[in-house]
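The values are calculated or read from the model by the stated rules, or taken from the named source; none is laboratory data. Values in this document were obtained by computation on a predicted structure and should not be read as measured data. We place every Cβ from the backbone using ideal geometry, glycine too, and count neighbours over all the protein chains shown. Please note that ligands, DNA and RNA were not included when accessible areas were found on the heavy atoms of the full protein model with its side chains. Shrake-Rupley method; radii C 1.70, N 1.55, O 1.52, S 1.80 Å.
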Amino acid sequence: MQHGIYYAYWEKEWRADYRYYVEKAARLGFDVLEIAAGPLPDYTGEQICELRNCARENRIRLTAGYGPAPEFNIASADPAVRKGALEFYQRLFDVMGQLEITLIGGGIYSYWPVDYTKPINKKEDWKRSVEGIRKLADLAAGYSICLCLEVLNRFEGYLLNTAKEGAAFVKETGKENVKVMLDTFHMNIEERDIGGAIRTAGSLLGHFHTGECNRMVPGQGRMPWKEIHDALREIQYDQAVVMEPFVQQGGTVGSDIKVWREVIPECSEKRLDDDAAEGVRFQRRTLEWK
């Protein structure tokens, strides 16, 4: 089991110099750094080389997370939007391949955050999304990339809200490199039984995010970690477990995540670092089963 953290725990914007966080993640005891996929298609050859080398030197595995912009929504009713989304992902996968990133997770089956002032047609969007994910999976396969579809709470998404829906969607795509992604924060809102949700995903679970109900690092809330451990052990999940805490208000990140207060009393970088280091120690103690 590899343990990681999402870079935006420290950042207030969806764009950053990831090399800084690669070095920080290594220093704090992580194996994985998850970065935002959105900026990657614009990377120069030099930027790609520098980030890839930095990750190699620090022995950090990079994974990517993405909440697609509306113009890259592969479930859109507008054919032009779907076409543009495919073109965007082709560029993205090419850069991911050069960066040796083999996993992307998030709401890539739709867009994020959803604008609920607009009409929702889940049935038709589901059909278009399945078709789009099949096409993306074929593109991604050429780079050995796995697409991990994140099950989101109802306030952030509408297509996949439960592990049951996530598993059904993945099975419908019929693609080996399409998996379910679960997140303890979202499960806490939507699932009646968190352990049961993990078991529902079973062998289809390809990526796992952790965080407390209050979006603090693991160990600083009330999440049922023993139940989560037991379920992960039962399905023999031994892949990446990436924490995704959000505790700072401000910036695009704070606005999109809806953080309207400082969740911890002191948001200094030292406090954030100390909490992250303790969080990964807690996660290793609590979730590893072999």
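Convex hull volume per residue, computed on the Cα atoms of the chain, equals 120 Å³.
With the biggest extent put first, the Cα atoms of region 188-290 measure 38, 27, 22 Å across the principal axes.
Of Lys24/Lys270; Lys12/Lys118; Lys127/Lys258, which ones are farther than 21 Å apart at the Cα? Flagged as over cut-off: Lys12/Lys118; Lys127/Lys258.
Centre-to-centre separation between the Cα atoms of region 39-70 and those of region 111-181: 23 Å.
Springs between Cα atoms under 10 Å define the GNM used for the chain, and in it the highest mean-square fluctuation of Leu99, Leu160, Leu272 occurs at Leu272. Does region 65-155 classify as rounded, prolate or oblate by the C-alpha gyration tensor (a ≥ b ≥ c root eigenvalues; a/c under 1.5 gives rounded; else a/b over b/c gives prolate, otherwise oblate)? The shape class here is prolate.
With all protein chains kept in place, the per residue accessible area of region 1-158 amounts to 43 square angstrom at a probe of 1.4 angstrom. Potential lengthening of the chain between Ile189 and Ser203 amounts to 2.8 nm, from the contour at 0.36 nm per residue minus the alpha-carbon distance. Using the empirical formula 2.2 N^0.38 Å as the baseline, the Cα radius of gyration of region 90-201 reaches a ratio of 1.07.
Evaluated with a Cβ-only charge set (Lys, Arg +1; Asp, Glu -1), the chain carries a dipole of roughly 560 debye about its Cα centre, given to the nearest 20. Taking every alpha-carbon pair under 8 Å whose residues sit at least 6 apart, the chain reaches a relative contact order of 19 percent. Charge tally for Met181 (other residues, Cβ to Cβ under 13 Å; Lys, Arg +1; Asp, Glu -1): -4. Placing unit charges on each Cβ (+1 for Lys and Arg, -1 for Asp and Glu) gives the chain a dipole about its Cα centre, and among Gln98, Cys49, Ser144 the Cα reaching farthest toward its positive end belongs to Ser144. Summarising the amide proton neighbourhood of Thr210: residues at separation of 5 or more, or on other chains, whose placed amide H is nearer than 5 Å comprise Thr184, Val242, Met243, Glu244. Here the Karplus relation 6.51 cos²θ - 1.76 cosθ + 1.60, evaluated at θ = phi - 60°, turns the backbone of region 114-121 into coupling constants of 6, 8, 7, 7, 9, x, 10, 10 Hz, with x for every Gly and Pro.
For Lys290, a cut-off of 25 angstrom between C-alpha atoms picks up these lysines, skipping any fewer than 8 places away in its own chain: Lys179, Lys226.
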